[in-house]
Each structure stands twice: as structure tokens, then as C-alpha cells.
Amino acid sequence: MAKLFFNYSSMNAGKTTILLQSAHNYRERGLTPMLFTPKLDDRYGEGWIKSRIGLQSKATMFTTEDDLFEITRAQLEDNNIHCVLVDESQFLNRDQVFQLTEIVDRLNIPVLCFGLRTDFQGELFEGSKYLLAWADELSEIKTICHTGRKANMVVRVDEEGYALKEGAQVEIGGNERYVSVSRAEFKNVFIGGRRIKFIEPVESEATDGDSLGPEQEDEGLL
């Protein structure tokens, strides 16, 4: 029985890496995954999903006007689809989350969504709101705050490291713009005005062919 999964976290928790490893696992077994990525996130070029450790894959771009159910059903006319994987799923709208439930319920294809739960103001994204409400299974991908606590929120900061409290909900950026923090640190930075500690870049030894280790080898094969 196919299910709708929502894997959520704050930034830099490895969501995209797990998504790409999941796609690799399907392909390795002769199965075909279909990958979706929002058109507005073009940091790595249009139609590409890429993780911070170097894994990457082509994907079907979508905007808020696209019907993901119809796109998937049309693809089935040419190729069998064994799984749908959605990157940055917080950018989905309500109708598109419903369309994903239709892929599961009518086409019997499992859908794995990966995304943020809350924005820089601590508010739910629209896509995350309805995934939390309608997904069959929820899973938190954990990462840590610089304080050592679990990071479950995100702050948007200026060039000096102070939280920005106003602005558009969607503004694409990386470690220079967003920092994952614990709830307690979110209060200190966003409400208390404390300066944030930036994440220092780390040299990665990973390549496109690297695996994630045996504990994640079968992640996502559902």
C-alpha cells in the first residue's frame, strides 16, 4: 500500500542527500523514481537537485500553477513510475499537496516529500502545513544548533548575523542567509536581538559516487 511521507527538518540536516540516496536506491534495483523540484530554487541550475556533499540528479521543475498528479500520470504513459520524490516541499501549495495524495491513493505510487517545517519567523510554510495534516507518515530529520541542542527552527540573518524579522516568506539562500537553531536560541536571536553564530564552511571529501553508509543504504525504498 503506497503512502505519503513528509520528512521535515531545519536547514543543513541532510534532507536533499537522503532524497538523492533514495532515488539512487530505486535506480540501483531497476526501478524508476520521479523527482520534483521547485522552479524558484535555481541555485544549482534549473531542473537540478544537488546536495551540499555533491550528490545531484536531474528533476522535473514545478511552479505553483502545475498539477503534479497530471504530470505524473502523463509520465506513466511512457514509463512506469515506482516512487515520487519532492525536494523543498515546503514550497508546495494546498492544491499540490492534495495532488500528491491523489498520486498515492489513485495511482498507488508512494510519495516522499522533503522540506522545512517553519520559515524564518517561526511560521508554517503552506506546503508543510498540509503535509503535516495529510501525510500518512511524518519523520523528523535531526540536526543540531551551535548551542548543542537539537535545531528545529531557522532564522534569516543579515550580513552581521542579526535576525531579520520582516520580509517575504520565500527568499532563496544558503548558510550566508539562514542558520538552523534550537527553539531557545530562536528566542534569543529573533526576539532577544542576539547576534547569531555563523556556520563555518567545511571541506567535503564526498564525490558523486559516495554512499551515505550502511545505516542509510535502503532509505526510501518503499
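The values are calculated or read from the model by the stated rules, or taken from the named source; none is laboratory data. Worth saying up front: this structure is predicted, and the values here are computed from it rather than measured. With ideal geometry, Cβ positions are generated from the backbone for all residues, glycine too; neighbour counts draw on all protein chains shown.
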Next item on the list: Could you tell me which of the residues N80, N108 is surrounded by fewer than 17 Cβ atoms within 10 Å (Cβ to Cβ) and at positive phi?
Entry: N108
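How many of the residues in region 20-39 are part of a helix (DSSP H, G or I) and out of contact with any Cys (no Cβ under 9 Å at 6 or more places or on another chain)?
Result for region 20-39: 6.
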Note to self: Which residue is farthest from M11 (Cα to Cα), if the candidates are limited to region 126-136 and must be surrounded by 21 or more Cβ atoms within 10 Å (Cβ to Cβ) and small (G, A, S)?
What the structure shows: A135
Check: Which ones in region 53-97 are touching a residue at least 40 places away in the same chain (Cβ under 8 Å), assigned to a strand (DSSP E or B) and farther than 22 Å from A2 by Cβ?
Finding: Q56
Next item on the list: Spot the failing condition for I103; the list is (1) over 16 Å from F36 (Cα atoms); (2) crowded, with 20+ Cβ neighbours inside 10 Å, and only one is missed.
Entry: (1)
Note to self: For region 111-125: of the residues being surrounded by 17 or more Cβ atoms within 10 Å (Cβ to Cβ) and not in a strand (DSSP E or B), which is nearest to the chain's Cα centre (by Cα)?
What the structure shows: R117
Next item on the list: Just give me the residues in region 137-156 being surrounded by 15 or more Cβ atoms within 10 Å (Cβ to Cβ) and touching a residue at least 40 places away in the same chain (Cβ under 8 Å), in sequence order.
Entry: T143, C145, H146, A151, N152, M153, V154, V155
Note to self: Checking L68 against (1) at pLDDT below 85; (2) crowded, with 17+ Cβ neighbours inside 10 Å: exactly one of these is not met. Which one?
What the structure shows: (1)
Item checked: Tabulated pairs, region 175-194, first part of a helix (DSSP H, G or I), second surrounded by fewer than 19 Cβ atoms within 10 Å (Cβ to Cβ) and not polar (S, T, N, Q), C-beta under 6 angstrom, 6+ apart or interchain -> N188/R194
